[in-house]
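The next block holds one structure in the form of structure tokens; read it before the comments.
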Amino acid sequence: MAKAAKTKPLKATVTHLEMKRRPRAITPLPVNLHATLMKATDIPLHFYRYLQWQVGREWHWVARLRMTDDHLSKIVHAKTTSIFVLSVDGAPAGFFELADLEDSTVELSYFGLMEHVRRRGLGEWMLGQALTTAWATTPARVIVSTNTLDHPAALPLYQKMGFEPVSQNQAIVRPLSDDEILSLMKAGNQTAG
């Protein structure tokens, strides 16, 4: 039996951004779209992993996919975590995740759309919804991080909405191996069946 090829680590520049006041204007929902945004309370882990995979696989979102159920559950089911799922025409289309941190800070931990709804004007609208939700608790600041492996529009969109870069660092991202992807698919099928 042949061994699975190892994945080559990828270098990324991580940009950390912050926003110290709520945005002045929020983009309206594009016309002729049937979209809903709902808070997912007590989200099932298999569905959370599905969202992470569908939204982030192209951008190498791997950290949460590698976590054990116990570790992942402690994060996503924490009282300080809020996850909102976007649906378009009744099907999952993206999500955002907020984390209440110390020092009156809210982190936009994850934000993204699935490939089938990109380029329809939803990104700016959904980011506006995420920021409205983040600012509802009147934090001192909202933070987000992105990196050079992310969607090329991510950093410009964050800046357009009012985030300002505060620091950068280098990171190494190890993409999922074929075996890890197969394991995730098997786990998802066992849960769904």
Exercise. Using a Gaussian network model of the chain whose springs link C-alpha atoms within less than 10 Å, name the residue from GLY162, GLY90, GLY112 with the highest mean-square fluctuation.
Key: GLY90
Practice problem: Give, in nm to one decimal, the length gained when the segment between GLN170 and ARG118 is fully stretched (0.36 nm per residue of separation minus the Cα-Cα distance). | Solution: 15.9 nm
Self-check item: Cα-centred dipole magnitude for the stretch 14-192, charges only on beta-carbon of K, R (+1) and D, E (-1), debye, nearest 20
Solution: 420 debye
Quiz prompt | Positive dipole terminus of the chain, leading residue within LEU10, VAL142, HIS46 (C-beta point charges) | solution = LEU10
Quiz item: Excluding HIS60 itself, what net charge comes from residues whose Cβ is under 9 Å from its Cβ, given Lys and Arg +1 and Asp and Glu -1?
Solution: 0
Exercise. Would you mind telling me the antiparallel percentage of the DSSP bridges in the stretch 14-192, rounded to 5?
Key: 90 percent
Quiz item: If you take the beta carbon distance between ASP69 and ASP103 as r and set R0 to 45 Å, what does 1/(1 + (r/R0)^6) give as a FRET efficiency, to the nearest 0.05?
Solution: 0.90
Quiz item: For ALA187 and LEU33 in one chain, what is 0.36 nm times their gap in residues minus the Cα-Cα distance, to one decimal in nm?
Solution: 52.1 nm
Self-check item: Relative contact order of the chain, pairs being alpha-carbon contacts under 8 Å that are 6 or more residues apart, as %
Solution: 39 percent
Practice problem: Can you tell me which of 95-105, 64-74 comes out highest on packing, and rank the rest after it, using the mean Cβ neighbours within 10 Å? | Solution: 95-105, 64-74
Quiz item: Out of GLU107, GLU115, GLU164, any idea which swings most in a Gaussian network model of the chain, alpha carbons joined below 10 Å?
Solution: GLU115
Quiz item: Based on the Cα gyration tensor of the stretch 1-157, what are the three equivalent ellipsoid semi-axes, each the root of five times an eigenvalue, rounded to whole Å and given largest first?
Solution: 25, 19, 18
Quiz prompt | Vicinal HN-Hα couplings computed from phi for the stretch 153-161 (Karplus, 6.51 cos²θ - 1.76 cosθ + 1.60; Hz; Gly/Pro x) | solution = 7, 4, 4, x, 5, 4, 5, 4, 7
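Place the peptides 175-187, 23-35 in order of packing, highest mean first, counting for every residue the other Cβ atoms within 10 Å and averaging per peptide. Show your work: numbers first, answer last.
On the way: 175-187: 13.8, 23-35: 11.8.
Answer by packing, highest mean first, reads 175-187, 23-35.
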Exercise. Rank-order 132-138, 83-89 by packing density, defined as the average count of other C-beta atoms within 10 Å over each peptide's residues, highest first.
Key: 83-89, 132-138
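Read-outs throughout are calculated quantities, based only on the coordinates presented, and are distinct from any laboratory measurement. Please read these numbers as outputs of a predicted model, since none were measured by experiment. Every residue, glycine as well, gets a Cβ built from its backbone with ideal geometry; the counts of neighbours run over all protein chains shown.
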